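Structure, as structure tokens:
The values are calculated or read from the model by the stated rules, or taken from the named source; none is laboratory data. Owing to the predicted nature of the structure, the values given are computational and were not obtained by experimental measurement. All Cβ positions, glycine included, derive from the backbone under ideal geometry; neighbour counts span all protein chains shown. Surface accessibility is based on the protein's heavy atoms, side chains included, excluding ligands, DNA and RNA. Shrake-Rupley method; radii C 1.70, N 1.55, O 1.52, S 1.80 Å.
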Amino acid sequence: MSSTNNSSGEPPAAVRVLGGWASPFTNRVVVALKLKGVEHELLQETVGKKSELLLRSNPVHKKFPVLLHHGNPLPESLVIVEYVDEVWPASNGAAPAILPRDPHGRAVERFWARYVDDKILPGLRVLRGSVAGDKDQTAGEMSTALQRLEEAFVKCSQGKEYFGGDSIGYLDIALGSFLGWIKAVEKIASVELLNETKLPILAVWADRFCAHPAVVDVVPDADKLVEFTVQYGAVLNTVNVLPK
Ligand SMILES: N[C@@H](CCC(=O)N[C@@H](CS)C(=O)NCC(=O)O)C(=O)O
């Protein structure tokens, strides 16, 4: 499975992802493709400089990730994850379904995935220092949101290992892609958000998710993201590497 830029002069891969290694949204897409065993190529965008291909492929938002499937562009990480699940459905047990089969289960996971984007992401940006805000208050609000997500985990997992049950599902991907950044902002802002003392069940899930073969080389560790923040801090304050 390729995950680097194509500089070989060969024809483009059938599945390409425009994105960045530090982008939690890109990581959602890459984890979904890896879970399904889909060969793909990751085209890394340069921080602070959007490629022509990105601007052409996502003219509405001009953001990554964008999936290019046989050249057809599809933006928005969670939309892409659903697309990947539909295009490469479960077969012979080799590629587990990402979304639950029953409509209610699917709706519940979509509800919580939206909650992750609404409640966790704005807090990460404040704690990273990319937008102004009261850090103690933000850390408190994020802790409350993570507490709710731990409660959701208990309900969704029904005693199994993941939000998705026996295998990684939609909500695992939606929240799990932020684990590196959650750990990074704990270091950057000297706050505690997700550990065994505060959230014992979610912390065990987080370690399990990050160690999964489809995730371990995708979701970056905290120290790499802290370095990234130091290196690109000025740019991150002006472009939206984590969402607004
Ligand atoms: N809702 C979008 C968010 C995508 C997003 O914010 N991407 C960031 C990178 S992590 C980006 O492209 N930032 C550049 C910008 O906002 O100009 C998704 O889920 O894909």
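Values as computed for the structure displayed
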item: Solvent-accessible surface (1.4 angstrom probe) belonging to TRP88, in square angstrom, nearest 10; result: 60
item: Set LYS119/LYS187; LYS63/LYS198; LYS119/LYS160; LYS155/LYS224; LYS50/LYS224; LYS160/LYS187 screened for pairs whose C-alpha atoms are more than 28 Å apart; result: LYS63/LYS198; LYS155/LYS224; LYS160/LYS187
item: Net lengthening on full extension, HIS61/ALA234 (0.36 nm per residue, minus Cα-Cα); result: 60.1 nm
item: Estimated dipole of the chain in Debye, rounded to 20 [Cβ of Lys and Arg +1, of Asp and Glu -1, Cα centre]; result: 520
item: Separation of the LYS155 and ASP102 label points, Cα + 7 Å toward Cβ, nm; result: 1.4
item: Protection proxy ranking of 12-18, 133-139, 209-215 - average other beta-carbon atoms within 10 Å, highest first; result: 12-18, 209-215, 133-139
item: Theoretical gain in end-to-end length, LYS50 to ASP136 [0.36 nm per residue, Cα-Cα removed]; result: 27.6 nm
item: Global geometry of the chain, whether rounded, prolate or oblate, following the gyration tensor of its Cα atoms and the 1.5 cut on a/c; result: oblate
item: FRET efficiency for THR144 and GLU10, using Cβ-Cβ distance with R0 set to 35 Å, rounded to 0.05; result: 0.10
item: Dipole-positive endmost among GLN147, VAL47, VAL60 within the chain (Cβ charges, Cα centre); result: VAL60
item: Per residue, in Å², the accessible surface of the chain once ligands and nucleic acids are set aside, probe 1.4 Å; result: 49
item: Whole-percent carbon and sulfur share, accessible surface of the chain, 1.4 Å; result: 52
item: Largest to smallest accessible area among ARG56, ARG28 [probe 1.4 Å]; result: ARG56, ARG28
item: Most mobile listed residue (VAL38, VAL47, VAL60) in the chain, GNM with C-alpha springs under 10 Å; result: VAL60
item: Nitroxide proxy distance, nm - points 7 Å out along Cα→Cβ at VAL204 and ASN72; result: 4.3
